[in-house]
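Asks: Let me begin by handing over the structure; questions about it come next.
The values are calculated or read from the model by the stated rules, or taken from the named source; none is laboratory data. Given the structure is predicted, the values throughout are model-derived calculations rather than measurements. Reconstructed Cβ throughout: ideal geometry from the backbone, glycine too, with neighbour counts over all protein chains shown. Areas reflect the complete protein model, heavy atoms only, side chains present, ligands, DNA and RNA absent. Shrake-Rupley method; radii C 1.70, N 1.55, O 1.52, S 1.80 Å.
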Amino acid sequence: MASNPPKLKIEITSNERLKNLKDHFEAKFGESPLFYACAPGRVNLIGEHIDYCGYSVLPMAIEQNILAAVSVNNSGTIQLANTNPQYQDFKVSCSEDIVIDRENPQWYYYFLCGVKGIQEKFGISRLAGMSCVVDGTIPPSSGLSSSSALVCCSGLLTMEANQKSLSKVDLAEICTKSERYIGTEGGGMDQSISFLAEKGTAKLIEFQPLRATDVQLPDGAVFVISNCCVEMNKAASSHYNIRVVECRIATKMLAKARGLDPSRLMKLSQVQTELKASLEEMLALVDEVLHPEPYSCEEICKVLGISTEQMCTELLSANTQHVTNFKLHQRAKHVYGEAERVMRFKSICDAGAAGSIALLGELMNQSHASCRDQYECSCPELDRLVDICLKSGAVGSRLTGAGWGGCAVSMVTSEKAASFLRAVRDAYYTPDPRRAAMEKQSLFVTKPAGGAAVLLEE
């Protein structure tokens with residue numbers, strides 16, 4: 001588990017994408033790349049919005065990834081370019097402090113998050129000069145972790161360019177922390193699976209300490225990703241961080257009700273650990289302690305015995321200062337229920353019994369309903385797409401990723417895969433010209449892919 005990311009020898013002439021990237025790099029910078037780095041996107045099969053609450057999740061890496069070509073020099077600058085012309089070039093001095101503008105989450109700021117994470121980890125006062133061209137096949141703002149894959153790819157290539165060495169676990173933890181520079185208070189699932197993924201298996205990712213366990217998905221089923229074509233940029237909106245804050249406040253309210261010290265606890269999982277309670281007992285506690293009506297700032301302050309100023313500085317994040325109502329009951333119900341579904345999903349996969357596909361599908365359906373109704377992180381288009389997927393033959397279907405747009409993941413029996421793809425295409429993509437134009441990269445079968453790697457030309 002503590003192993004470093006692999007360095008793989010590759011034959012570039014037999015790989016069309018790498019060949020095009022090399023040509024682009026040479027045309028841009030007038031030299032050949034020294035090495036390449038890649039980091040995959042991911043699909044979360046179950047366990048939405050619970051990693052930042054301390055609970056395990058169950059993702060797999062997908063074949064779509066971020067790929068970068070890199071040369072190292074002593075120019076004193078980092079030069080960034082992208083194969084996609086809609087993403088502009090960027091240049092930054094190696095001797096200046098790296099500044100990330102969270103008010104303006106451009107693609108290159110995600111890249112710089114990874115650079116800054118490595119720089120701070122090793123206390124590098126002057127980074128190696130680099131020229132980089134980045135190429136991505138993960139649809140942006142789709143809930144498949146394109147931004148985290150970019151941070152991970154950048155962290156990996158910065159480590160390599162500066163001749164440092166870190167384990168996959170260390171890299172995942174550094175990239176999780178450094179992505180917060182852009183303002184997203186993520187829990188670490190995306191970065192962890194990007195580094196710890198292995199071809200052919202999903203992973204149960206556990207936190208504190210970070211570790212990954214193989215989960216063998218059942219034979220006879222495939223997972224299909226479908227993009228609802230509504231984009232959601234986590235760093236550009238406050239929806240995501242509001243949920244993080246609501247879970248943080250719910251943690252403190254539950255702790256207070258049970259005589260624990262709220263100031264010590266930040267995550268819903270910590271309350272369960274302190275109380276030595278089961279997830280079922282935590283769900284009952286939520287019903288007992290938290291009312292379903294939204295809480296005001298005044299009520300929260302009164303219960304916790306804190307001032308409004310303390311609430312703003314200690315509980316709210318920079319882009320949630322405007323929030324006045326908090327749905328604590330609903331958010332905590334989702335988190336404890338979803339944590340239970342993850343463990344059931346893994347145990348069904350481990351048992352490998354007959355009928356497991358139907359049982360896993362039902363857990364996925366329950367997860368979507370909870371995301372939609374309790375966590376309110378879906379959107380009308382996603383709900384419609386999930387409905388179409390179920391009507392088209394999926395055993396289970398749910399939103400994946402942060403939500404408010406992006407993708408659904410559906411479990412489909414292998415023999416129904418072709419008819420499922422046709423039915424979803426006809427019902428959701430073909431009738432809408434914009435979606436029809438995006439269908440090729442929006443609807444696809446996926447298999448568990450490998451993790452981030454450095455690639456060296458043979």
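Asks: Among the candidates T400, T413, single out the residue that is of a type in the set (V, I, T) and either touching a helix residue (DSSP H, G or I) at 6+ places or on another chain (Cβ under 8 Å) or closer than 29 Å to N15 by Cα (or both).
Replies: Going through T400, T413 in turn, just one is of a type in the set (V, I, T) and either touching a helix residue (DSSP H, G or I) at 6+ places or on another chain (Cβ under 8 Å) or closer than 29 Å to N15 by Cα (or both): T413.
Asks: Out of all the residues in region 11-53, which are open to solvent by 30 Å² or more (accessible area, probe 1.4 Å) and either part of a strand (DSSP E or B) or at pLDDT below 95 (or both)? Lay out the reasoning, then the answer.
Replies: Restricting attention to region 11-53, the residues satisfying the condition of being open to solvent by 30 Å² or more (accessible area, probe 1.4 Å) are 11, 13-17, 19-20, 22-24, 26-32, 34.
Of everything in region 11-53, those that are open to solvent by 30 Å² or more (accessible area, probe 1.4 Å) and either part of a strand (DSSP E or B) or at pLDDT below 95 (or both) turn out to be E11, T13, S14, N15.
Asks: For D101, indicate whether it is of a type in the set (D, E), assigned to a helix (DSSP H, G or I), open to solvent by 10 Å² or more (accessible area, probe 1.4 Å) and out of contact with any Leu (no Cβ under 6 Å at 6 or more places or on another chain). Steps first, answer last, please.
Replies: Numbers: of a type in the set (D, E): yes; assigned to a helix (DSSP H, G or I): no; open to solvent by 10 Å² or more (accessible area, probe 1.4 Å): yes; out of contact with any Leu (no Cβ under 6 Å at 6 or more places or on another chain): yes.
No: the conditions fail for D101.
Asks: Condition check: of a type in the set (D, E, K, R), open to solvent by 30 Å² or more (accessible area, probe 1.4 Å), outside any helix (DSSP H, G or I) and out of contact with any Phe, Trp or Tyr (no Cβ under 7 Å at 6 or more places or on another chain). Does E340 satisfy that?
Replies: So E340 does not fit the description; no.
Asks: Related question: Sort out which residues of region 201-239 are at pLDDT 90 or above and hydroxyl-bearing (S, T, Y), and write them in order of number.
Replies: Residues satisfying the conditions are T201, T213, S226.
Asks: Among the residues in region 236-246, are any in contact with a strand residue (DSSP E or B) (Cβ under 6 Å, 6 or more places away or on another chain) and either open to solvent by 40 Å² or more (accessible area, probe 1.4 Å) or touching a residue at least 24 places away in the same chain (Cβ under 8 Å) (or both)?
Replies: Taking every residue of region 236-246 in turn, at least one turns out to be in contact with a strand residue (DSSP E or B) (Cβ under 6 Å, 6 or more places away or on another chain) and either open to solvent by 40 Å² or more (accessible area, probe 1.4 Å) or touching a residue at least 24 places away in the same chain (Cβ under 8 Å) (or both).
Asks: Next question. Which residues, taken from region 372-393, are touching a helix residue (DSSP H, G or I) at 6+ places or on another chain (Cβ under 7 Å) and not polar (S, T, N, Q)?
Replies: Within region 372-393, R372, Y375, C377, D383, L385, V386, I388, C389, G393 meet the criteria.
Asks: Another question, if that's okay. Output the residue which, of all residues in region 164-181 that are among the polar types (S, T, N, Q) and open to solvent by less than 20 Å² (accessible area, probe 1.4 Å), is nearest to R102 (Cα to Cα).
Replies: Top of the filtered list is S178.
Asks: So which helices (runs of 4 or more DSSP H) stay within region 259-315 end to end and still have 2 or more residues that are in contact with a Phe, Trp or Tyr (Cβ under 6 Å, 6 or more places away or on another chain) and surrounded by 12 or more Cβ atoms within 10 Å (Cβ to Cβ)?
Replies: Details: elements: 268-275, 279-289, 297-304.
It comes to 279-289.
Asks: Right, here's the next one. Among I66, I12, which is the only one that is closer than 24 Å to G187 by Cα and in contact with an Asp or Glu (Cβ under 8 Å, 6 or more places away or on another chain)? Even if it seems obvious, please write down each step before you answer.
Replies: Numbers: I12 fails: closer than 24 Å to G187 by Cα.
Every option except I66 fails the conditions.
Asks: Looking at V412, is it closer than 15 Å to F223 by Cα and outside any helix (DSSP H, G or I)?
Replies: yes
Asks: Within region 182-217, which residues are in a helix (DSSP H, G or I) and either open to solvent by 20 Å² or more (accessible area, probe 1.4 Å) or in contact with a Gly (Cβ under 8 Å, 6 or more places away or on another chain) (or both)? Reasoning before the result, please.
Replies: Taking region 182-217 first, the residues in a helix (DSSP H, G or I) are 182, 189-196.
Scanning region 182-217 gives M189, I193, S194, F195, L196.
Asks: Here's a follow-up. Being at pLDDT 95 or above, on the phi < 0 side of the Ramachandran plot, among the aromatic types (F, W, Y) and surrounded by 18 or more Cβ atoms within 10 Å (Cβ to Cβ) is the requirement here; does Y110 meet it?
Replies: Considered against the rule, which asks whether it is at pLDDT 95 or above, on the phi < 0 side of the Ramachandran plot, among the aromatic types (F, W, Y) and surrounded by 18 or more Cβ atoms within 10 Å (Cβ to Cβ), Y110 comes out as yes.
Asks: Hey, among E458, E415, which residue is over 29 Å from S356 (Cα atoms) and either modelled with pLDDT under 95 or surrounded by fewer than 24 Cβ atoms within 10 Å (Cβ to Cβ) (or both)? Even if it seems obvious, please write down each step before you answer.
Replies: Numbers: E415 fails: over 29 Å from S356 (Cα atoms).
Within the list E458, E415, the selection yields E458.
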